[in-house]
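A quick write-up on the structure given underneath.
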Amino acid sequence: MQRYFVSPEQFKEDRVEVTGEDARHISKVMRGKPGDAFIVSDGVSREALVEIESIEQTSVTAVITELLEMNHEPRLKVTIAQSLPKGDKMETVIQKCTEIGAVTFVPFISERTIVQYDAKKEGKRLERWRKIAKEAAEQAHRNIIPAVEQPLAWKQLLGSFSHYDKVCFCYEKEHGSQLRDVLKPFTAQSLQEPGSAASLLLLVGPEGGFTEEECRTAEEAGAVSVGLGRRILRCETAGMTALACALYESGEMGGV
């Protein structure tokens, strides 16, 4: 069933008003008519099954028929910190990792980042990335839209490590730890109580990988250097792989 995110203010007592591009999508693309049903979520605390009451030129009014339980989000809150890759690879990372279950994306600049950061252009890119996250969240029936943060410098990223319960630094020249060896005891301890939650930050490098100096400073800041197996993954693949492994170990994808 089609799903849309709206702002909390668009939820009324017994109705929801959908506006903007989503309203046009309902009326023009989906050819919605009174009585058609879809799901709306405010991305915070309310989600409902609704039926179209009326369609105007720029808005759709729908009657709430059932409040739904918001239970699609993983207990392990994973943030993907991705060094800016070339081309549209960041779009792929955001789209696929949103589908898998990431809650936040933090683009950053590292020593081997090839992309030339331009603050003026970055505003438009950030807007597009957030739109991609929204559309992927709707397609995957997420309860929230993952946040896409402003790009950070390396030192700024290091300074954010204390905000997370665990930080894993994905490094092809890792020092002996494999991701599973780190995640298994962490998730077992952090998520042992019903309803408990934990936060994990996964750092993924650019096309050329991280430097040894970056690995050293990341570990000094509290990160654990981990490997993702004996194969070298593309930068846009590494985050998806690490995220899926983390959610599996936390019991979100068939794990114990």
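Numbers for the structure displayed
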| quantity | calculated |
| --- | --- |
| Rel. contact order, % - alpha carbon contacts under 8 angstrom, at least six apart, the stretch 1-149 | 23 percent |
| Total charge dipole magnitude, the chain, about the Cα centre, Cβ charges on Lys, Arg, Asp, Glu only, Debye to nearest 20 | 720 debye |
| Karplus-derived HN-Hα couplings along the stretch 55-64 (A = 6.51, B = -1.76, C = 1.60, θ = phi - 60°), whole Hz, x at Gly and Pro | 10, 9, 5, 10, 8, 10, 9, 10, 8, 6 |
| Relative packing of 78-91, 32-45, which averages over residues the other C-beta atoms within 10 Å, highest first | 78-91, 32-45 |
| Charged-residue dipole, Cβ positions (Lys, Arg, Asp, Glu), the stretch 3-67 about Cα centre, Debye nearest 20 | 280 debye |
| Choice from 67, 203, 183 showing the highest fluctuation, given a GNM over the chain with Cα pairs closer than 10 Å | 67 |
| Candidate lysines - alpha carbon under 29 Å from residue 173, same-chain residues fewer than 8 apart omitted | 77, 86, 89, 96, 155, 184 |
| Percent antiparallel among DSSP beta bridges (both partners in the chain, rounded to 5) | 40 percent |
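Rule-based calculations on the coordinates, nothing more; no lab input. Small disclaimer: the values here were computed from a predicted structure and weren't measured. Positions of Cβ are backbone-derived with ideal geometry, glycine not excepted, and every protein chain shown enters the neighbour counts.
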